[in-house]
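Input: a single structure, listed below in structure tokens.
The values are calculated or read from the model by the stated rules, or taken from the named source; none is laboratory data. Note that the coordinates shown come from a computational prediction; the quantities given were computed from them, not determined experimentally. FYI the Cβ positions are ideal-geometry reconstructions off the backbone, even for glycines, and counts take in every protein chain you see. Please note that ligands, DNA and RNA were not included when accessible areas were found on the heavy atoms of the full protein model with its side chains. Shrake-Rupley method; radii C 1.70, N 1.55, O 1.52, S 1.80 Å.
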Amino acid sequence: MLRGNKVGLRARHEDDIPILRAELYDDVVNASRAEGSPWRPITPGSNDPRLVVDDKEQGNVRFSVVELDGGTLVGTATLWGIDNHNRSAHIGLGLLPSARGKGYGTDVVAVLCHYGFVVRGLQRLQIETLSDNAAMLRSAERNGFVREGVLRRSAWVMGEFLDQVLLGLLVQDWKPNS
């Protein structure tokens, strides 16, 4: 398990799947804001890649996020779009409603940076998030990510176009434990 100050990132367990399905993916508004594609229901027992991890897939690494104090599942974290040639990847995370507002997001981003830069040897990490996602923007910026641009009206979410913010962090600008 990869450890931060508050959370750990570990492999997905079978008993995580019903919790993530019910609290993240069955929430139409949350899933629509997070996925970048139209919400659709996930059939129980399906091998949907957002829930069931394919260990052979090299371009995405999916983690379950747990509290260090007690091991309670609090969300999911992903390093996705891994490009080994350009040594870059994207960061994504989703916290269960009960885990939001506790500083876990900032810690998850920090642990994903450690994984990307130290374990995987990447040189750039990137985050794209909706411009009104103050929690994700704050978590990214606390970890040293810099706003690189705004993709105007680039995300169709629940009947309207929203702006996305593009943030990046280079390994030479990363300050572990900041």
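What are the residues in segment 1-58 that are over 12 Å from T76 (Cβ atoms) and of a type in the set (S, T, Y), if any? Correct list: S32, S37, T43, S46. Looking across segment 38-57, just one residue is in contact with a strand residue (DSSP E or B) (Cβ under 9 Å, 6 or more places away or on another chain) and over 23 Å from L112 (Cα atoms), and that is P38.
Evaluated against (1) of a type in the set (V, I, T); (2) open to solvent by 70 Å² or more (accessible area, probe 1.4 Å); (3) within 18 Å of V108 (Cβ to Cβ), T43 falls short on exactly one condition, (3). The residues listed here are A99, A110, A140; of these, the one that is of a type in the set (A, V, I, L, M) and touching a Leu at 6+ places or on another chain (Cβ under 7 Å) is A140.
Within segment 134-162, being open to solvent by 50 Å² or more (accessible area, probe 1.4 Å), more than 25 Å from V118 (Cα to Cα) and not small (G, A, S) holds for V150, L151, R152, R153, W156, M158, E160, F161.
Here is the figure for segment 5-60: residues that are over 15 Å from the mean Cα position of the chain (by Cα) and not β-branched (V, I, T) total 27. Inspection of segment 15-34 finds no residue satisfying the criterion of being part of a loop (DSSP other than H, G, I, E, B), farther than 26 Å from A110 by Cα and open to solvent by less than 40 Å² (accessible area, probe 1.4 Å). Of everything in segment 106-128 that is open to solvent by less than 10 Å² (accessible area, probe 1.4 Å) and in contact with a helix residue (DSSP H, G or I) (Cβ under 6 Å, 6 or more places away or on another chain), the residue that is nearest to M1 (Cα to Cα) is V109.
Which strands (runs of 3 or more DSSP E) sit wholly inside segment 81-178 and have at least 2 residues that are closer than 25 Å to L68 by Cα and of a type in the set (A, V, I, L, M, F, W, C)? Of the strands (runs of 3 or more DSSP E) lying wholly inside segment 81-178, those with at least 2 residues that are closer than 25 Å to L68 by Cα and of a type in the set (A, V, I, L, M, F, W, C) span 88-95, 124-130.
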